[in-house]
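Working notes, beginning with the structure itself.
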Amino acid sequence: MGKKFTDMNLRTADFIYPYFVTGGKNKKEEINSFPGIFRFSLDRLLSDIGESRKLGLNKILLFGIPDTKDARGTTAYKEDNIVSLAVEGIKKRFPALIVMTDVCLCAYTTHGHCGILKAKSAKRKAQNGVNIDNKNTLETLSNVAISHAEAGADWVAPSAMARGQVRAIRSALDKNGYNKVKIMGYSAKFASNFYGPFRQAANSAPAFGDRKGYQLDYNDAEAAIKRIGDDIREGAGAVMVKPALAYLDVVKQAKLRFKHPLAAYNVSGEYSMVKYGAKSGLWDERKMVFETIGSIKRAGADLIITYHAKDIARWLRE
Ligand code: PBG
């Protein structure tokens, strides 16, 4: 008798499904390079979340696409910012859904970087023309996190890779009475080539330079493990490795080293490769998804953030 394949015992509760929310009404815009993923206005988002709930998904990660941007990313935390409005609407309709929000500035700044930039005259040497003002960035990220917490987010997920972002946000949340709101740190986030479709979705590509000054060198697993340790000490309720598939060695090391909830982000480029391959007839989408996502679970991820989550949930029910 042949050995039965187990599909790694994937469970719908292992998954976090990302959503992009934009302003306006009755919008469901497909994104060119990102098959099956949309930018939703809040009304359409609520109906799509309804479908996800029916499939048994119980965690989402929310990204906002604001109407306007400026150099300091103020639309990320102003009153009634796109994410806070969406969180309020979602929580009203789906109180039991676990809502996580991305806390970053790249979609909200005209320059497209994840933090506030220093004035050109600043002394510190810029990395590829990019000079982040860390102190200012931490203050702004804290404001963003508080605005999401106020709206009812269960988790905030800082992805700006600013030094000390977890500590700064933890202390700001606690000072404002949001002790119950947890932080998922994008702890080991690499300066990766796999983010292309996401940047098109969020309209968040850097206008100049790159993110190598603040995201991690993809050859440096040691730095990644160190940053995960830092985030745990700073108060992260969960830590993350991102991307996932090209970094399973890091996922595995993190799992063995730390006894802490561990997420892996199966990012937009990883997802699109599988999708485009399936569209071209190179492989069967479902089989490829189970193999790749199963490998992330096998490496040790407790939670998997993936754009395949709705499909997986559907397939697990068949
Ligand atoms: C924001 C952010 C990025 C992703 C998640 N949060 C992109 C980036 O750093 O440019 C990428 C996610 C994906 O590719 O699916 N900083």
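The values are calculated or read from the model by the stated rules, or taken from the named source; none is laboratory data. Predicted, not measured: the structure shown is a model, and the values here were computed from it. Note: ideal-geometry Cβ built from the backbone for every residue, glycine included; neighbour counts use all protein chains shown. Quick note on the areas: whole protein, heavy atoms, side chains included, nothing else; ligands and nucleic acids left out. Shrake-Rupley method; radii C 1.70, N 1.55, O 1.52, S 1.80 Å.
Could you rank ARG298, ARG211 by how accessible they are, 1.4 Å probe, largest area first? Please list the in-between numbers first.
Details: ARG298 145, ARG211 15 Å².
Largest accessible area first, the residues go ARG298, ARG211.
Please give, to one decimal in nm, the separation of the simple spin-label points placed at MET273 and LYS252, each 7 Å out from Cα toward the Cβ.
1.7
Anyone know which of LYS118, LYS182, LYS259 comes out most mobile in the 10 Å Cα GNM of the chain?
LYS259
For a label point 7 angstrom out from the Cα of ARG11 toward its Cβ, which stretches of region 57-82 have the backbone nitrogen within less than 13 Å?
Counting backbone N atoms under 13 Å from the label point, the list is 58.
In region 213-263, with Lys and Arg counted as +1 and Asp and Glu as -1 at Cβ, which of these residues, PRO261, MET240, GLN215, has the Cα nearest the positive end of the dipole, that is, farthest along it?
Final value for the positive-end residue is PRO261.
Charges only on Cβ, +1 for Lys and Arg, -1 for Asp and Glu: so what's the dipole of the chain about the Cα centre, in debye to the nearest 20?
Magnitude of the dipole: close to 420 debye.
Could you tell me the extents of the chain's C-alpha atoms along the three principal axes, largest first, rounded to whole Å?
Answer, in whole Å and largest first: 70, 45, 39 Å.
May I ask you to list the lysines whose Cα is less than 26 Å away from that of LYS28, ignoring any residue fewer than eight positions away on the same chain?
Partners within reach: LYS54, LYS59, LYS69, LYS78, LYS91, LYS92, LYS275, LYS279, LYS310.
Per Stokes-Einstein, at 10 °C and 1.306 mPa s, what whole-number D in µm² s⁻¹ belongs to region 60-192, with the Kirkwood radius over Cα pairs as the hydrodynamic radius?
Calculated translational D: 106 µm²/s.
Say the dipole of region 41-188 comes from +1 at the beta carbon of Lys and Arg and -1 at that of Asp and Glu; which of TYR77, GLY64, CYS104 then lies farthest toward its positive end?
CYS104
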